[in-house]
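Participant: First the structure, which I've put down as structure tokens, then a few questions once you've had a look.
Each value in this text was obtained by applying a stated rule to the coordinates, not by laboratory testing. Computed from a predicted model, the values in this text were never measured in an experiment. All Cβ positions, glycine included, derive from the backbone under ideal geometry; neighbour counts span all protein chains shown.
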């Protein structure tokens with residue numbers, strides 16, 4: 001009663017009502033502010049497993065470069081060979097494979113129809129590569145459907161499974177920092193580029209071709225020509 005008298009003495013009825021309304025609004029605002037607990041930024045604990053990977057553009061090896069340290073494992077489980085569509089089994093003679101000009105190309109099933117076209121084009125020149133003194137090897141990831149594809153398209157090709165992309169990284173056509181899906185639509189996995197090289201026995205790159213636009217004509221003549229010239233030079237060196 002005494003408080004009411006004091007208030008009435010200090011404020012007119014309208015002033016009192018206005019003041020009371022402001023007080024109630026202030027209480028509502030305080031309630032809204034205090035709805036969530038106080039959060040101290042110093043309490044944030046960084047996640048040590050989370051790292052920000054820097055972007056690094058691919059820079060595939062080019063003609064004139066050396067790729068001296070790529071290794072092929074002779075174990076049979078890393079290889080798959082086909083002749084006229086049928087799988088064959090035989091010894092892997094790395095010395096004979098690497099002692100001649102080697103056409104080395106990269107393939108992934110995730111390239112879908114582009115990858116199949118790439119294999120078919122390689123299949124059409126594989127006899128000429130051998131006739132001109134070279135060998136052909138396809139570096140690939142494991143593909144459970146490869147046997148069916150080889151049979152369907154009557155392929156006579158040799159595949160080496162680069163399960164950890166170690167060889168692709170040596171040729172710089174694969175990168176964890178710059179996955180393929182960043183550059184090519186329709187590719188759902190990080191795969192190596194559709195690249196083809198001719199290397200000599202010293203592991204020097206003699207010829208390189210990357211199909212980045214998917215509208216380029218397959219360079220069959222250039223590949224065979226470089227195999228022939230490289231084989232000729234290699235023979236001359238041996239006979240010197």
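Participant: If r is the Cβ-Cβ distance from residue 233 to residue 169 and R0 is 22 Å, what FRET efficiency results, to the nearest 0.05?
Facilitator: Result of the calculation: an efficiency of 0.20.
Participant: Next question, about the same structure. Please list, short to long, the whole-number percent of alpha-carbon pairs of region 76-239 in consecutive 5 angstrom bins beginning at zero.
Facilitator: 1, 8, 18, 22, 21, 17, 8, 3, 1, 0, 0
Participant: Using a 7 Å offset from Cα along Cα-Cβ at residue 217, what residues in region 117-149 end up with backbone N under 20 Å from the label point?
Facilitator: 117-126, 128-129
Participant: How many angstrom lie between the C-alpha centres of region 199-240 and region 101-177?
Facilitator: Centre-to-centre (Cα) distance: 16 Å.
Participant: So for region 69-155, considering every pair of alpha-carbon atoms, how many percent are separated by more than 20 Å?
Facilitator: That fraction is 35 percent.
Participant: Points 7 angstrom from Cα along the Cβ direction at residue 152 and residue 62: gap in nanometres?
Facilitator: 3.8
Participant: Taking the mean number of other Cβ atoms within 10 Å as a proxy for protection, how do you rank 150-156, 93-99, 57-63 from highest to lowest?
Facilitator: Result, highest mean first: 150-156, 57-63, 93-99.
Participant: In region 56-93, which residues have a backbone nitrogen under 13 Å from the label point lying 7 Å from residue 190's Cα in the Cα-to-Cβ direction?
Facilitator: Inside the label zone: 56-58.
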